[in-house]
Amino acid sequence: MSEFANGNFALLALILLAVGVGAAILCAALMSRRAERRQTRVLGRLRHDSEQQAEAVARLGEGLNAALRQMEAMSGAMETRQDRMRRTLDERMELMNQSNERRLEQMQELVTGKLENVHRGLGELRELSLGVTDLKKMLGGVKTRGVWGEVQLRGLLEQLFAPGQYLENVAIPALSQNRVEFALIMPTAGEEAPLLPIDSKFPQEDYLRLMDAQQAGDIETARRCALQLERAVLEQAKRIHDKYIRPPQTTDFAVLFLPTESLYAEVARRDGLIERVQERYRVLISGPATLCALLTSLQLGLRTVTLEKRSGEVLSTLTAMRQDFARFDESIQRMRQRLNQTEEELNGLEQRARKVVKVLEQVEG
């Protein structure tokens, strides 16, 4: 019995084992089917995703091709534009080079001309320096300096006045041996015109010594030379006063002409010197510029007096013409009276003629 029971139990265990194995096999089959379905779904999804990716890759490839074509077109356009810009730059550079060459040629010509002018100027300066040396030599003598001042004074008078408005080497007083270099015929309304004596003086030695002392910085020597120059000017003014101021043949003043502006400026720098000369000796000191101003004012006065004389002549002529016109008007009045009488006589003759015509018409009728 125990053996039977053990046999049944073993059989039952075998059955249960078989059932368990079958169930396990069934479960494994079910699970494998589920896995296959899942795998199928996953594979479908993967296939779908791969197809979408392939389409995306195709679209991306088309986009890349389009971008490549666009980039190629842009690259061609850029190359064309770069070629155009290169040609434009080359042309502009060529034009700039030509312009720079022309400018360089012009500058070279200008510089060459300037250098020629500089060389010419240096030559002129060299000649001028030689001329100045000759001038210093020429002005070394008192007589030569006097001639030079006289030449300058003559040149100024010739520029401003007509030959009949001034005289040269005039004897003052008349028929004496004292002769002033120039005398200006002063404007006046009377018949006799007084003369303005003009004499040139050139105290060069005193002036040059003063200039040398000033350049050397020797104050004491410069002071002594300045005093000597003042004495020389006062002495020359006194000579002019004593020799040439002789009213009524001359004016009551005269002119001392200094032929250089530097000398006149140095004399004008002396405190009160020009005023003392005028008050003491009735002599006006002038340089080339101040003499031109003085002579110009005198010329204007001469023109004014001339206009006054001419205006008197014109007035006399107009008075005579007015009288002639008055007589002419009287003649016209007499002629008008005669014409009026003639017109009256013509009117009378015309009336008589009409009467005769009427009588003849009546006879004819």
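The values are calculated or read from the model by the stated rules, or taken from the named source; none is laboratory data. The shown structure was predicted, so the numbers you read here are calculated from the model rather than taken from an experiment. Cβ: placed from backbone, ideal geometry, glycine included. Neighbour counts: every protein chain shown.
In the range 186-270, which helices (runs of 4 or more DSSP H) lie fully inside it and hold 3 or more residues that are without any contact (Cβ under 8 Å) to a residue 24 or more places away in the chain and crowded, with 17+ Cβ neighbours inside 10 Å? Even if it seems obvious, please write down each step before you answer.
Numbers: elements: 204-216, 219-244, 261-269.
Output list is empty.
Somewhere in the range 127-141, is a residue under 39 Å from the mean Cα position of the chain (by Cα), at pLDDT 85 or above and among the aliphatic types (A, V, I, L, M)?
No, the range 127-141 has no match at all.
Only one of Ala189, Ala171 is modelled with pLDDT of 85 or more, more than 44 Å from the chain's Cα centre (by Cα) and among the hydrophobic types (A, V, I, L, M, F, W, C); which? Spell out how you get there, then give the answer.
On the way: Ala189 fails: modelled with pLDDT of 85 or more.
Result of the check over Ala189, Ala171: Ala171.
Residues that are at pLDDT 80 or above, in the same structural domain as Leu208 (by TED's automatic domain parsing) and not in a helix (DSSP H, G or I): does the range 151-161 have at least one?
Scanning the range 151-161, I find at least one residue that is at pLDDT 80 or above, in the same structural domain as Leu208 (by TED's automatic domain parsing) and not in a helix (DSSP H, G or I), so the answer is yes.
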